[in-house]
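See structure below.
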Amino acid sequence: MKRQNVTILGATGSIGVNTLDVIRRHPDRYRAFALCAHSQIDKLFEQCREFTPAFAVVRDAPLAEELSLLCRKAGLPTEVLHGVAALVAMATHGEVDAVMAAIVGAAGLEPTLAAAQAGKKILLANKEVLVMAGELFMHAVREHGAVLLPVDSEHNAIFQSLPSDFSRGLSESGVRRILLTASGGPFRTTPLAALSDVTPEAACAHPNWVMGRKISVDSASMMNKGLEVIEAHWLFACPPERIQVVVHPQSVIHSLVEYVDGSVLAQLGNPDMRTPIAYALAYPERIDAGVASLDLFQIARLDFEAPDFARFPCLQLAYDALRSGGTAPAVLNAANEVAVAAFLDRQLPFLGIPRLIESTLNAVPSGPEGSLADVLQADAEARHVASRLVRASCPA
Ligand code: NAD
Ligand code: MG
């Protein structure tokens, strides 16, 4: 069996590290061909030492020079590149079989779209790509024969619970609804009055998952589930009214698919991202992911609740942006990225996140998704407006 060459976009992040852990377990099957990160040179160098990729990519020339020196001193053959063009080159390289898209936020759009245009196998964690440019991205996947495998745990569960030919249409496959589970995050039961002054540390302390800071805050505001509703819409061509969010605090059922005959299929497992990562890497085979057996006796019970739209206004904002269509989800995503960064920087209170997003959506007119340039322009305009609103809300 030929080893698969894997490019990891976002190698030093939570998904990147978990991906390397799965690759480490299967050196006969996978080779880390290119490791791409932003600025964590020390961590990336350690990864280069262990996996000796052909290429490493960092943000800019000075960082590339620094990493290159470290690699040369250690006698590594790794060539160090920098910038967005290098990310695109690694996502489309002729020797690459699979691309793990695990950059956080809008920064992942260009290389991931390029991977689709190059017809690669794409392991998609970077949900913001589909939120910003779902139509463009899915079109590129179809047009260029790329293989798209969802890594987000819920979408991976849905993928596993659908028939393999679901792309002919959910109705044709007898699907009635998609039930998208959500843990409810760290503030599911926090008194509403106390939400006004929660700290970034509290927001990042997720009860079930260890993740990057941005997605952790998104989970606390439930914007993560809102983004995932949009992600599910594009991945499975499912209309919004047939995507039901189900709060399930234990995060054991990763999502469900309901069929017209009343059958409901689900995928269960310990909350460990190595399961969906290994599934996507090996698809359609199965490989060991290093994940412990699910102990149902220990779990003992599974609970379900309806989502509280009053407590989590971000969820409604996402449904509304999806229904508006065009560039509205790109505006939602950009405003959310600015709001989350401001919250982590202590410049915006937690409850200011949905307010800032709503004001930005009201201020930036939505146009058709059209081309990548349209999406990037909507993204830039929304960031500009949202940043101005942050400054206005917090005078220096
Ligand atoms: P993280 O913050 O831990 O890691 C982000 C990675 O992206 C890092 O390697 C960083 O170097 C890189 N990066 C950031 N900005 C960049 C830029 N401008 N250019 C190049 N690289 C850049 O994030 P994460 O938790 O690993 O999440 C990554 C993506 O996966 C997100 O879109 C998230 O929503 C999605 N996701 C994560 C989880 C999880 O469990 N962590 C689960 C589902 C989906
Ligand atoms: Mg998820």
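The values are calculated or read from the model by the stated rules, or taken from the named source; none is laboratory data. These numbers come from a predicted model, not from an experiment. Positions of Cβ are generated from backbone atoms using ideal geometry, with glycine treated the same way; all protein chains shown enter the neighbour counts. Heads up: the accessible areas ignore ligands, DNA and RNA and are worked out on the full protein's heavy atoms, side chains in. Shrake-Rupley method; radii C 1.70, N 1.55, O 1.52, S 1.80 Å.
Every residue in the range 154-169 that is surrounded by fewer than 24 Cβ atoms within 10 Å (Cβ to Cβ) and under 24 Å from ASP320 (Cα atoms), please.
Hit for the range 154-169 is GLY169, nothing else.
With (1) over 29 Å from PRO349 (Cα atoms); (2) not in a loop (DSSP other than H, G, I, E, B) as the list, and LEU170 as the residue in question, which single condition is left unmet?
(2)
Only residues that are more than 16 Å from ligand 1 (Cβ to nearest atom) and either modelled with pLDDT under 95 or hydrophobic (A, V, I, L, M, F, W, C) (or both): list them for the range 122-156, please.
Selection gives LEU136, MET138, ALA140, VAL141, ALA146, VAL147.
Within the group TYR283, TYR279, TYR259, which residue is of a type in the set (Phe, Trp, Tyr), away from ligand 2 (no atom under 13 Å from the Cβ), more than 19 Å from ARG176 (Cβ to Cβ) and surrounded by fewer than 24 Cβ atoms within 10 Å (Cβ to Cβ)?
That would be TYR283, the only listed residue that is of a type in the set (Phe, Trp, Tyr), away from ligand 2 (no atom under 13 Å from the Cβ), more than 19 Å from ARG176 (Cβ to Cβ) and surrounded by fewer than 24 Cβ atoms within 10 Å (Cβ to Cβ).
Residues that are hydrophobic (A, V, I, L, M, F, W, C), over 21 Å from PRO249 (Cα atoms) and out of contact with any Gly (no Cβ under 6 Å at 6 or more places or on another chain): list the helices (runs of 4 or more DSSP H) wholly contained in the range 287-382 that include at least 1 such residues.
Filter on the range 287-382 gives 313-324, 328-344, 352-363.
Given the options ASN333, ASN270, name the one that is out of contact with any strand residue (DSSP E or B) (no Cβ under 6 Å at 6 or more places or on another chain) and crowded, with 24+ Cβ neighbours inside 10 Å.
Of ASN333, ASN270, the one residue that is out of contact with any strand residue (DSSP E or B) (no Cβ under 6 Å at 6 or more places or on another chain) and crowded, with 24+ Cβ neighbours inside 10 Å is ASN333.
Looking at (1) away from ligand 1 (no atom under 16 Å from the Cβ); (2) among the aliphatic types (A, V, I, L, M); (3) open to solvent by less than 70 Å² (accessible area, probe 1.4 Å), which one does ALA203 not meet, given that it meets all the others?
(1)
Hand me the list of helices (runs of 4 or more DSSP H) wholly inside the range 53-142 holding 3 or more residues that are under 21 Å from the mean Cα position of the chain (by Cα) and either surrounded by fewer than 22 Cβ atoms within 10 Å (Cβ to Cβ) or within 16 Å of ligand 2 (Cβ to nearest atom) (or both).
Correct list: 84-92, 109-117.
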